[in-house]
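Notes to accompany the following structure.
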Amino acid sequence: MTISEAEAEQHGVIAAGECGPTSTPQDIDIDALREKYRVEREKRMRTEGSKQYIETGGEFAGFSEVDPHTPVVEREPIDTDIDVAVIGGGFAGLLCGAALRKAGVEDVHIIEQGGDFGGVWYWNRYPGIQCDNESYCYVPLLEELDFIPSKKFADGAEIYQHCRNIGKHFGLYDGVIFSTQVRDLKWDDQISRWRISTNRGDDIRARFVVLGSGSFNRPKLPGIPGITDFGGHIFHSSRWDYDYTGGDASGGLDKLADKTVALIGTGATGVQLVPFLGRDAEHLYVFQRTPSTVDERNNTPTDPNWAKALQPGWQKKRQRNFHSWTFEGMALGQPDYVCDFWTELGRNTAARVLALPDPASLTPEQFVGIREEEDYKVMERLRRRVDSLVDDADTAEALKPYYRFLCKRPCSNDDYLSTFNRPNVTLVDVSESKGVERITDTGIVANGVEYEVDCIIFASGFEITTEISRRYAIDTIEGRDGLSLYDHWRDGYKTLHGMSSHGFPNQFFTGFTQVGISANISANYEVQGEHIAYVIAEALNRGAATVEPTRDAQDAWCATIKENYIDNSAFDAECTPGYYNNEGGGGGEGIRSHLGEPYGPGFYAFADLLAAWRDKGDLAGLTLGHEGDPGA
Ligand code: NDP
């Protein structure tokens with residue numbers, strides 16, 4: 001579907017023709033840059049691949065299993081039978097819970113490690129936290145909750161509050177189990193239920209289980225020797241310690257005035273943090289392995305007249321438009337509603353295509369070629385932006401990103417680059433040594449120099465493309481006959497529609513598991529939640545004790561995924577290492593996209609396929625078992 005310009009104007013989103021291509025440098029040598037990108041990539045490749053990162057369990061549990069926001073209240077272990085347990089209370093769990101309630105399923109219990117709903121927006125409250133892609137697309141259920149974010153990139157606190165409002169709106173606080181971590185999930189054939197054990201000694205027997213822990217649920221640490229030797233203060237950005245720093249998410253970190261602080265990590269989190277730490281710390285050392293792209297922010301407040309003019313259905317249309325301009329490469333004939341650094345490459349590509357004598361005869365290869373050229377130009381624009389804002393030439397050079405756009409998550413921030421002009425801020429480039437060398441009792445060793453610091457903050461990211469046993473953070477997931485999900489999926493996902501797997505009755509998955517992927521993460525969870533809720537509601541309405549995909553249906557879906565697979569591995573292989581490409585495939589693990597094994601025809605084709613499947617009403621590919629059936 002394309003959205004016409006007239007429709008766009010009717011939705012009050014953007015005046016037609018308002019957003020066009022940007023001006024980028026044309027005087028570049030693409031071959032020389034391609035070689036420079038290769039050299040910069042090789043410099044950072046590590047033989048350990050994703051195993052360079054330490055899990056935050058065991059002796060490192062203090063980095064993740066503490067809750068700085070809510071005291072954990074003692075309670076008796078829970079011993080109960082329920083219909084549905086949803087594991088995770090972030091966007092994935094909330095949107096699934098909301099869909100279950102809308103489908104008429106009442107006995108829904110979300111189990112969440114944090115002390116409230118919100119997921120990443122509960123945990124991440126570091127100074128400067130805002131959403132990095134447009135809130136009007138990103139924040140879910142805006143129309144249903146009659147809410148509009150106060151600015152283009154909303155503050156974390158506002159999104160956290162919206163998550164809580166979703167919980168209230170759909171009655172999900174009833175029966176919620178907070179401050180609880182699921183340890184084991186075992187299918188019990190005798191009672192046709194999942195037995196859930198937790199860190200609070202609970203024995204919860206759930207007929208259905210939905211895994212909704214999201215992609216950013218588990219902090220990871222760089223595997224730097226000596227972390228446990230450090231005698232000063234140390235924490236991960238997702239467990240911010242305001243008792244130590246003072247201030248709050250809006251800044252004012254007054255207790256850092258006499259502190260030397262080290263920040264390790266310059267991804268999306270590090271970029272948001274640096275201006276605040278630079279302003280308030282006595283001295284800030286930023287240890288950078290790979291620079292992010294940092295564009296201007298243009299974080300405009302929401303125009304109330306614009307918001308008032310929005311017509312029903314606007315958010316889904318806007319999400320679809322954003323998806324087209326980013327994930328689909330460009331959207332000829334459509335205005336670009338979002339019109340920012342995420343969609344720039346699409347716009348510039350579209351302008352080139354439209355300037356061709358016969359755009360309709362464009363081949364896929366020509367499209368890829370044009371987009372690649374525009375990519376080099378956009379990246380050059382971003383590198384020259386660094387020169388225009390950073391005074392010291394060596395520091396500016398170190399801050400320049402040499403890789404293709406979308407090899408890493410693009411960032412925007414109006415204060416990040418200029419913070420490096422402050423006399424109390426030092427950039428330490430650790431690319432040559434592929435990261436910080438060592439941590440000692442008193443500081444950090446990099447490039448053979450020891451930097452004495454009072455505090456180390458890890459903005460080192462999350463388990464996103466690592467093994468699922470690391471990502472799910474559940475010790476055991478065992479289906480029928482003790483089959484471990486981790487073993488079952490060791491060589492790749494095996495699912496029907498990405499949401500259920502043979503041998504794992506009544507269990508449902510969310511995330512990037514053989515599904516169509518939207519550029520809007522919340523849209524993914526809405527579509528998945530709606531589908532899972534439909535299947536669970538149907539199973540309950542039909543009096544079934546179990547619902548499970550047949551092996552044939554699962555095999556057919558795996559074949560569909562394979563046949564339609566769009567192989568981006570050549571692009572990923574040329575990218576600088578990071579979680580987007582499974583750390584460049586080092587450690588023998590191979591390149592693995594952070595988007596999993598997506599359904600090639602795309603997110604909207606996937607949503608249509610699911611809707612058509614539901615419309616038929618025959619639950620094709622699923623087996624329903626009833627009490628008394630063998631194995632049900
Ligand atoms: P990332 O995984 O993006 O960044 C981790 C950082 O740690 C990288 O800069 C990495 O360097 C660095 N690092 C890792 N190991 C070492 C080492 N040994 N020595 C030095 N540096 C090291 O994590 P983030 O928390 O920044 O972001 C994760 C994701 O979370 C984002 O991509 C985004 O999707 C989401 N997010 C969203 C936000 C929003 O919408 N507002 C805000 C923050 C995060 P290198 O790049 O070289 O690997």
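The values are calculated or read from the model by the stated rules, or taken from the named source; none is laboratory data. Since the model is a prediction, treat every value here as computed from it, not as a measurement. Every residue, glycine as well, gets a Cβ built from its backbone with ideal geometry; the counts of neighbours run over all protein chains shown. Calculation scope for accessible area: heavy atoms of the full protein, side chains included, ligands and nucleic acids excluded. Shrake-Rupley method; radii C 1.70, N 1.55, O 1.52, S 1.80 Å.
Restricting attention to the stretch 310-358, the residues that are of a type in the set (S, T, N, Q) and assigned to a loop (DSSP other than H, G, I, E, B) total 3. Residues considered: L345, L273, L256. Of these, the only one that is at pLDDT 95 or above, within 16 Å of the ligand (Cβ to nearest atom) and either in the same structural domain as F153 (by the TED database) or open to solvent by less than 10 Å² (accessible area, probe 1.4 Å) (or both) is L273.
Take the residues of the stretch 426-445 that are part of a strand (DSSP E or B) and among the aliphatic types (A, V, I, L, M): which is nearest to R44 (Cα to Cα)? Here the answer is V428.
Would you be able to say whether some residue in the stretch 37-51 is in contact with a helix residue (DSSP H, G or I) (Cβ under 8 Å, 6 or more places away or on another chain), over 25 Å from F216 (Cβ atoms), away from the ligand (no atom under 12 Å from the Cβ) and touching a residue at least 12 places away in the same chain (Cβ under 8 Å)? Within the stretch 37-51 (the criterion being in contact with a helix residue (DSSP H, G or I) (Cβ under 8 Å, 6 or more places away or on another chain), over 25 Å from F216 (Cβ atoms), away from the ligand (no atom under 12 Å from the Cβ) and touching a residue at least 12 places away in the same chain (Cβ under 8 Å)), the answer is yes, since at least one residue qualifies. Any residue in the stretch 274-282 that is more than 30 Å from C339 (Cα to Cα) and not in a helix (DSSP H, G or I)? Yes, some residue in the stretch 274-282 is more than 30 Å from C339 (Cα to Cα) and not in a helix (DSSP H, G or I). Restricting R164, R239, R183, R200 to residues that are touching a strand residue (DSSP E or B) at 6+ places or on another chain (Cβ under 8 Å) and either open to solvent by 30 Å² or more (accessible area, probe 1.4 Å) or without any contact (Cβ under 8 Å) to a residue 12 or more places away in the chain (or both) narrows the list to R183. Residues in the stretch 106-139 that are out of contact with any Phe, Trp or Tyr (no Cβ under 7 Å at 6 or more places or on another chain) and near the ligand (Cβ under 10 Å from one of its atoms) were compared, and the one that is farthest from T80 (Cα to Cα) is I129. More than 16 Å from the ligand (Cβ to nearest atom) and either more than 27 Å from K408 (Cβ to Cβ) or out of contact with any strand residue (DSSP E or B) (no Cβ under 9 Å at 6 or more places or on another chain) (or both): does that describe G278? So G278 does not fit the description; no. Scanning the stretch 393-407 for any residue that is part of a loop (DSSP other than H, G, I, E, B), among the basic types (K, R) and outside the structural domain of G265 (by the TED database) turns up at least one such residue.
The numbered conditions (1) of a type in the set (G, A, S); (2) surrounded by fewer than 22 Cβ atoms within 10 Å (Cβ to Cβ); (3) away from the ligand (no atom under 15 Å from the Cβ) are all true for S431 except (3).
Return the residues of the stretch 296-308 that are open to solvent by less than 50 Å² (accessible area, probe 1.4 Å) and either more than 25 Å from L142 (Cβ to Cβ) or part of a loop (DSSP other than H, G, I, E, B) (or both); say none if nothing qualifies. Of everything in the stretch 296-308, those that are open to solvent by less than 50 Å² (accessible area, probe 1.4 Å) and either more than 25 Å from L142 (Cβ to Cβ) or part of a loop (DSSP other than H, G, I, E, B) (or both) turn out to be R297, N299, T302. When the stretch 373-405 is filtered for residues that are free of Cβ contacts under 8 Å to residues at least 60 places away in the same chain, open to solvent by 20 Å² or more (accessible area, probe 1.4 Å) and under 28 Å from A351 (Cα atoms), the ones remaining, listed by number, are D387, S388.
Return yes when F208 is of a type in the set (A, V, I, L, M, F, W, C), more than 23 Å from R422 (Cα to Cα) and surrounded by fewer than 24 Cβ atoms within 10 Å (Cβ to Cβ) and no when it is not.
The answer is no for F208.
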